[in-house]
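The values are calculated or read from the model by the stated rules, or taken from the named source; none is laboratory data. Here the structure is a predicted model, which is why all the values come from computation and not from measurement. With ideal geometry, Cβ positions are generated from the backbone for all residues, glycine too; neighbour counts draw on all protein chains shown.
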Amino acid sequence: MPPSAKILASVIGVIIIGPKNMPERTMLGYFRVRRDCVREALWWLFDHNSLYADNEISDQRLAELPENGVPREILESTRYSDDIKQLERSRAGYVNEDDDVSGDLDVNYCVAGMFVGH
């Protein structure tokens, strides 16, 4: 763990509704991977999920991720569109962020290198 950065584009899709060729520095505001955060998330997963208890962190694969940036694989596969309706279609199958799926728990964790608090 983590999986190879080479497969990121096959499991994560980014569609930017707006101007084409948005520079990487503007993407950091809403999508970034932080290698240390991914490491911490994996430790948490190994400690709290028995399905992952026997896994190990691969320093080689972790080194494929940026310290604090957008992975090259994501930048290369990012799609751009000015079709607002495409945004609505893309979000149709997602769970609303306001839905409380964690009950009364106050858990902070890393997801794909981004810090998320619930």
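Scoring TRP44 on the criteria (1) under 18 Å from VAL11 (Cα atoms); (2) at pLDDT 75 or above leaves a single failure, condition (1).
For region 36-58, a residue qualifies if it is outside any helix (DSSP H, G or I) and farther than 18 Å from LYS6 by Cβ, and the qualifying residues are ASN49, ALA53, ASP54, ASN55, GLU56.
Beta carbons closer than 6 Å, at least 6 apart along the sequence or on distinct chains, never pair a first residue in region 33-54 that is farther than 15 Å from PRO66 by Cα and in contact (Cβ under 8 Å) with a residue 24 or more places away in the chain with a second that is among the charged types (D, E, K, R) and part of a helix (DSSP H, G or I).
Give the residue that is modelled with the highest pLDDT, with candidates limited to residues of region 15-32 that are buried (at least 17 other Cβ atoms within 10 Å of the Cβ) and out of contact with any strand residue (DSSP E or B) (no Cβ under 7 Å at 6 or more places or on another chain). Can you show your working first?
The initial filter retains those residues of region 15-32 that are buried (at least 17 other Cβ atoms within 10 Å of the Cβ), namely 16, 27, 31-32.
Still in the running and out of contact with any strand residue (DSSP E or B) (no Cβ under 7 Å at 6 or more places or on another chain): 27, 31.
Numbers: MET27: 70, PHE31: 76.
In this case the residue turns out to be PHE31.
When the residues of region 59-90 are filtered to those that are part of a loop (DSSP other than H, G, I, E, B) and within 18 Å of the chain's Cα centre (by Cα), the one that is modelled with the lowest pLDDT is THR78.
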